[in-house]
1. Please enumerate the residues belonging to segment A:332-389 that are more than 20 Å from B:Ala99 (Cα to Cα), β-branched (Val, Ile, Thr) and part of a helix (DSSP H, G or I).
2. Considering segment A:438-491 alone, what residues qualify as being in a helix (DSSP H, G or I) and within 12 Å of chain B (Cβ to nearest Cβ)?
3. Restricting attention to segment A:408-422, does a residue exist that is of a type in the set (D, E, K, R) and either free of Cβ contacts under 8 Å to residues at least 24 places away in the same chain or closer than 30 Å to A:Gln87 by Cα (or both)?
4. When you look at A:Lys404, is it within 27 Å of the chain's Cα centre (by Cα) and crowded, with 17+ Cβ neighbours inside 10 Å, yes or no?
5. Output the number of the condition that B:Ala387 fails; it satisfies all remaining conditions of (1) crowded, with 24+ Cβ neighbours inside 10 Å; (2) within 13 Å of chain A (Cβ to nearest Cβ); (3) aliphatic (A, V, I, L, M).
6. Would you check which residues across segment B:248-271 are outside any loop (DSSP other than H, G, I, E, B), surrounded by 13 or more Cβ atoms within 10 Å (Cβ to Cβ) and within 14 Å of chain A (Cβ to nearest Cβ) and list them?
7. With touching a Pro at 6+ places or on another chain (Cβ under 6 Å) and either modelled with pLDDT of 95 or more or surrounded by fewer than 20 Cβ atoms within 10 Å (Cβ to Cβ) (or both) as the only criterion, which of B:Arg177, B:Arg202, B:Arg189, B:Arg207 stands out?
8. Would it be correct to say that B:Ala245 is at pLDDT below 95 and either in a loop (DSSP other than H, G, I, E, B) or in contact with a strand residue (DSSP E or B) (Cβ under 8 Å, 6 or more places away or on another chain) (or both)?
Amino acid sequence: MKALAMAALTVGMLAAAPGPKVVTLPGSSPLVTFRIVFLTGAAEDPAAKPGAAALTAAMLARGGTREMSYKEIVDALFPMAAAVTDQTDKEMIAFTGTTHVDNLEAYYGLLRSMLLDPGWRKEDFQRLRDDAVNFLQVSLAGNNDEELGKEVLYNAIYAGHPYGHHDVGTVSALKAMTIADLQQFYKEHFTQANLVIGLAGGYPKGFAERVKADFSKLPAGEKKTGAVAAPKANHGTQVTMVEKNTRSVAYSIGFPLDVRRGDPDYPALLVAQAYFGPHRESGGRLFARLRAERGLNYGDYAYIEYFPRGMFLFEPEPNLARHRQIFQIWIRPVEPPTAQFALRAAMFELDKLIREGINAEDFERTRLFVTKNVNLLTKTKSAELGYAIDSDFYGIPQYNTYLKQSLAKLTVEDVNRAIRKHLRSTDLQVVVVAKDCAALKAKFLANEVSPMKYNSPKPPEVMAEDKIIESWRLDWKPEDVRVVPVEGVFE
Amino acid sequence: MLRIVCLLVAGAVAALPADAPRKAFPYAYDQHDFANGLRLVTIPTDYPNVVSVFIVVQTGSRNEIEPGKSGFAHLFEHLMFRGTAAYPPEKYQATLKAAGAASNAFTTDDFTAYHTTFSKEDLETVLRMEADRFQHLDYAPAVFRTETLAVLGEYNKNSANPISKMFEVLRDTAFERHTYKHTTMGFLRDIQDMPNQFDYSRTFFDRYYRPEYVTVIVAGDVTAEATRGLVEKYWGEWKRGSYRAEIPAEPAQAGPRTNHVDWPTPTLAWVAVAFRSPAYTDVDKDQAALDLINFLGFSQSSELYRKLVIEEQKVDLLGADDSDHVDPGLFTVFARVKKDADIDGVRDAMVATADGFKDQLVPAARLEAVKKHLRYGFALGLNNSEAVAQTAARYVELRRTPETVNRLYEVYDSVTPEDIRAVARKYLVTDGRTIVTLTGGKAK
């Protein structure tokens with residue numbers, strides 16, 4: 001607790017005006033971490049140019065500067081074992097990197113040129129546009145059924161909304177993009193008003209002020225209001241079935257959530273999520289019932305905030321802050337014969353959570369989990385800095401402090417009230433990635449009984465529960481179930 | 001050292017000590033052997049509050065020597081969460097949850113690691129509970145059969161990615177007798193037969209889940225003395241075993257091999273060019289020199305990357321994998337190719353780059369830049385207690401001590417351009433080469 005208090009005290013801000021905001025976490029470490037965050041992103045892609053934000057960020061972090069080619073930059077960074085990485089989300093673009101203080105001047109010189117003096121070379125543009133198209137068509141649609149399902153879910157929930165396309169864009173828009181489009185995006189959105197400079201570690205005295213002065217060369221820009229409209233509500237569950245030649249069936253299920261960090265019900269919903277489906281942990285309710293008890297798949301989790309690349313990560317990346325979030329269930333691929341049962345089992349558990357809530361014992365244990373586990377989320381200086389920037393976005397104190405203080409006051413009634421208020425088991429968006437979607441669709445629409453066959457005896461309570469699950473009514477309307485070929489999902 | 005260089009991302013924190021020569025592993029750790037053969041490595045760090053425990057079992061898919069039993073080391077990673085009399089799964093999970101712990105496990109060719117990261121006040125609880133499951137794991141046949149389905153689920157989620165298939169075929173082609181022939185997941189047919197292998201699972205546990213195979217690593221906000229006392233208290237009664245697996249030696253490869261994978265759906269093509277590589281060593285220069293060749297020849301700063309990725313733009317991913325192994329393994333260079341028509345040219349460029357090291361001496365300055373990259377990269381990765389423990393685990397599985405890191409980095413420092421050439425002539429040879437290509441199908 002002592003260290004937490006100390007950490008809380010060390011998060012600093014340079015004097016607010018004029019110029020960009022600076023968040024600092026000074027320390028005695030020989031390493032220095034940068035998080036240069038612009039409060040813009042894919043939500044501000046021009047209407048006909050989905051992908052402009054992400055490709056602009058890529059041109060800065062993975063392209064040359066006016067004076068140096070990309071190859072020269074890579075060679076200069078190499079001996080330092082340093083890099084500049086870019087992450088584009090709906091409302092934030094983050095450039096991050098860490099260097100040993102031995103190399104601080106050289107590293108910062110490169111970083112500054114990359115962000116403030118980009119080269120806009122044609123050959124970099126072609127390479128990075130290819131990377132973006134291949135990411136969508138090959139790495140995501142082609143090779144990763146699970147991340148595909150999650151991203152299609154977001155696109156379905158936010159159809160017709162500024163969040164309604166993948167952060168990387170669409171294939172057709174990327175193919176039509178020009179360097180001038182990116183230069184325009186850079187000019188409009190990479191402004192001082194949008195900029196938050198994050199610095200952590202053992203940088204020398206006066207360094208933060210110097211960085212601030214350098215980045216004050218960007219256009220001033222104007223502060224945004226920050227409001228983002230709610231997505232259109234859907235009546236009745238809508239289903240997107242992605243037809244793909246694949247071994248198994250992957251599901252993502254969700255709906256918009258009107259709660260984000262700082263809202264009164266956020267801590268309560270976080271406890272509910274940590275009880276129901278903590279990410280990649282075996283202690284959640286969904287995991288226990290679907291995987292551990294029934295062996296249906298490799299894992300089952302739930303989310304109240306965007307968590308891309310969850311297949312590869314145990315903790316979420318910071319700087320994905322958004323004004324709008326969704327509730328999401330991730331059912332990892334199931335064997336086709338159990339596909340219908342698995343989805344019904346997830347619906348049964350969601351319904352049960354809403355009807356029964358969580359009990360006092362589970363509440364206390366989960367509250368303790370969230371209270372302690374938050375230390376692990378901020379275990380690196382880079383993550384701590386990222387969370388500090390996100391906390392500023394959401395208008396809350398340092399995340400650890402905010403959670404610990406609000407969890408201390410939380411009651412089980414608060415959690416169950418928040419569950420009833422914000423979660424639902426109707427009017428969902430469901431995404432299915434599967435082979436032979438037409439046959440699976442027919443089974444779902446017919447509400448056929450789907451009994452489970454196990455390879456070992458099950459306890460009577462499981463068998464009794466199965467009787468309910470096997471004929472759980474989904475009541476999908478044929479017109480609300482669409483089958484789309486995988487090749488077209490990000491076109 | 002795991003080296004998939006195209007994916008390299010810098011981390012944060014951790015000190016390079018100022019004194020020369022600088023130790024690569026900068027922590028003052030405590031290493032203690034118990035009478036039963038168990039080893040404890042305690043690594044106090046200056047990251048507050050958090051403790052990370054990695055339990056390394058020197059058993060991986062390498063130990064799966066019986067036909068039909070591939071994938072069992074990995075299956076155990078799952079079964080170990082199936083409880084004991086004292087801690088049934090629900091109680092185990094509830095205890096972890098109350099500790100706010102992040103807990104998981106992973107399996108490689110050579111070892112299995114169980115890791116838990118948590119707040120320091122829960123150290124005794126975690127060590128007690130871990131000791132219990134390593135000594136008293138007790139799962140019923142029905143539970144066993146259910147868990148084998150979760151393993152099949154894991155195979156299913158991996159199966160969407162063609163690179164899993166390519167590496168499966170590469171191993172199967174490159175090896176004849178050694179158990180590195182199969183992946184850690186195992187053959188699909190063996191996974192599907194796992195529900196019938198309850199008795200064998202108990203044999204496997206009895207053989208390998210013994211103190212002489214296990215090292216407990218505790219890193220973070222801890223002291224060596226208190227940790228040693230807790231481990232003695234809870235792990236001291238564990239009985240030593242006697243089993244030693246006879247891992248079949250791989251015969252020398254007598255000529256180049258090739259194979260091809262037809263992937264059923266559209267994807268970009270892959271090319272993998274592999275050479276036989278030596279077993280891990282922190283004494284000879286062989287592995288260290290190959291590690292350096294990996295970065296000299298195939299990293300983002302290499303000439304090949306400039307040519308294929310930046311200038312010609314025929315390839316969008318290029319890298320090499322030179323993972324440390326207990327036994328001789330593979331040095332594999334791989335590339336994702338944008339157009340099928342370029343596969344042959346890309347393959348030839350990869351082979352020519354490898355061949356180049358046999359003919360020409362690398363410039364000394366370039367070699368020094370790579371050595372500097374390795375030192376800084378290693379230090380940047382030690383940015384929290386969990387990362388420190390995990391890094392230690394990757395070396396403990398090879399030599400049972402983090403000291404091997406310091407020795408390895410001293411060997412790196414000693415490698416000369418002439419050493420690079422000599423090692424290339426020894427290992428990057430046509431007769432020891434295996435090339436696998438993968439191409440995608442057409443859209444419907």
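The values are calculated or read from the model by the stated rules, or taken from the named source; none is laboratory data. What you are looking at is a predicted structure, and each value in this text was computed from that prediction instead of being measured. All Cβ positions, glycine included, derive from the backbone under ideal geometry; neighbour counts span all protein chains shown.
1. If we filter segment A:332-389 for residues that are more than 20 Å from B:Ala99 (Cα to Cα), which is where we start, we get A:332-357, A:381-389.
Of the ones still in play, those that are also β-branched (Val, Ile, Thr) are A:334, A:338, A:354, A:389.
Once the filter is applied, which keeps residues that are more than 20 Å from B:Ala99 (Cα to Cα), β-branched (Val, Ile, Thr) and part of a helix (DSSP H, G or I), segment A:332-389 yields A:Thr338, A:Ile354, A:Ile389.
2. Within segment A:438-491, the subset in a helix (DSSP H, G or I) is A:438-446, A:460-469, A:478-480, A:486-488.
Selection gives A:Val462, A:Val486, A:Glu487, A:Gly488.
3. First, the residues of segment A:408-422 that are of a type in the set (D, E, K, R): A:409, A:413-414, A:417, A:420-421.
Now restrict to residues that are either free of Cβ contacts under 8 Å to residues at least 24 places away in the same chain or closer than 30 Å to A:Gln87 by Cα (or both): A:409, A:413.
Within segment A:408-422, one or more residues are of a type in the set (D, E, K, R) and either free of Cβ contacts under 8 Å to residues at least 24 places away in the same chain or closer than 30 Å to A:Gln87 by Cα (or both).
4. Details: within 27 Å of the chain's Cα centre (by Cα): yes; crowded, with 17+ Cβ neighbours inside 10 Å: yes.
So A:Lys404 fits the description; yes.
5. (1)
6. B:Val261, B:Ala269, B:Trp270
7. On the way: B:Arg202 fails: touching a Pro at 6+ places or on another chain (Cβ under 6 Å); B:Arg189 fails: touching a Pro at 6+ places or on another chain (Cβ under 6 Å); B:Arg207 fails: touching a Pro at 6+ places or on another chain (Cβ under 6 Å).
When all the criteria are applied, what remains is B:Arg177.
8. Values: at pLDDT below 95: yes; either in a loop (DSSP other than H, G, I, E, B) or in contact with a strand residue (DSSP E or B) (Cβ under 8 Å, 6 or more places away or on another chain) (or both): yes.
Spelling it out, B:Ala245 is indeed at pLDDT below 95 and either in a loop (DSSP other than H, G, I, E, B) or in contact with a strand residue (DSSP E or B) (Cβ under 8 Å, 6 or more places away or on another chain) (or both).
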